[in-house]
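Take a look at the structure set out below.
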Amino acid sequence: MNLFSSSIGRKILMAVTGVVLIGFVTGHLIGNLQIFQEPDHINGYAHFLQSLGPALWIARIILLVCVVLHIWAATALTLENAAARGSGPRYSVKHTIRATLASRMMRWTGYIVLAFILYHLAHFTLGLAQRDTFKTVLPSYVMTGDYHVMGLTVVTQDTEVHDVYSMVIRGFQQPVVAVFYIVAIGLLSLHLLHGIDSLFQTLGLRSAKWSGCLRKVALVFCALYFLGNLLIPAAALLGYLQPLS
Ligand code: HEM
């Protein structure tokens, strides 16, 4: 119960849920990069995920619980810090200002990423982008070969699946949508950069000796994460990727 009631417990909750969420966004990016292969890949992959049924719902619930706990712990810690700042002397003004700027940046990037996720779910998962301007559902896709995961065939040739390939590309052919994704992913990458630093600190993995090195690893990871995500809307917007229908 200390996880919920003490300040260090809330920091640990933030760090652990943060690790789960970083795992999700990294896996999601790797899955999405299949869009640069034949349409069978991303379409087979999306169909496979949908076919997991209850397992998919368990993963969704775990993700949702992590998002809720992450936001709850962040809000509780912010309120607690504000109350603590209100009373007692300020020992180091410079240090406090830096810490406040970083936490304010985390708060705002966090709000925008949350708004992005809600829009993103409506766009791709609930299907705003699955319909054309006349609100008719876009054509499906027939697999031209089998789709495998770790050597196992999980979707077979000739299966009719949802054309996620064309849906994503068509979505990003709208400049406003593509730019919104790029900005949101840029802010998410900044959020991750500071978050990774803080989580190493909380979990006691950041010694004076390693802190410079960890910062570089976090920087490279976040830069690659941003570039990987940028490639998809950029390629659709510039016409390198074209929908099938
Ligand atoms: C260029 C970037 C991205 C692309 C192309 C993309 C693509 C997609 C697609 C196609 C789906 C729907 C899959 C389906 O229902 O068949 C989806 C679902 C989802 N995406 Fe993304 N995504 C991107 C970035 C992100 C980011 C940055 C986040 C989180 C911050 C995110 C979070 C999610 C979530 C939570 C779902 C719902 C998963 C589920 O419950 O089924 N996505 N994404």
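The values are calculated or read from the model by the stated rules, or taken from the named source; none is laboratory data. Note that this is a predicted model, so its numbers are computed, not measured. Virtual Cβ from ideal backbone geometry, glycine too; neighbours counted across all protein chains shown.
Figures for the structure shown
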read-out: Failed item in (1) closer than 23 Å to T125 by Cβ; (2) in contact with an Asp or Glu (Cβ under 7 Å, 6 or more places away or on another chain), with T156 passing the rest; value: (1)
read-out: Restricting the range 91-135 to residues that are polar (S, T, N, Q) and either within 18 Å of G195 (Cβ to Cβ) or away from the ligand (no atom under 16 Å from the Cβ) (or both), the residue that is modelled with the lowest pLDDT; value: T133
read-out: Spans of helices (runs of 4 or more DSSP H) in the range 1-62 with at least 1 residues more than 10 Å from the ligand (Cβ to nearest atom) and more than 30 Å from A76 (Cβ to Cβ); value: 7-32, 39-51
read-out: Where a residue in the range 168-187 is farther than 13 Å from L230 by Cα and away from the ligand (no atom under 12 Å from the Cβ) and its partner, wherever it lies, is of a type outside the set (S, T, N, Q) and modelled with pLDDT of 95 or more, with Cβ under 6 Å and at least six apart; value: Q173/A236
read-out: Scan of the range 199-245 for residues that are assigned to a helix (DSSP H, G or I), in contact (Cβ under 8 Å) with a residue 40 or more places away in the chain and more than 16 Å from V179 (Cβ to Cβ), ordered by number; value: L199, T202, Y225, G228
read-out: Unmet criterion (only one of (1) modelled with pLDDT under 90; (2) aliphatic (A, V, I, L, M); (3) surrounded by 17 or more Cβ atoms within 10 Å (Cβ to Cβ); (4) within 23 Å of K11 (Cβ to Cβ)) for L138; value: (4)
read-out: Residue list for the range 184-230, restricted to those being at pLDDT 95 or above, crowded, with 17+ Cβ neighbours inside 10 Å and more than 15 Å from the chain's Cα centre (by Cα); value: none
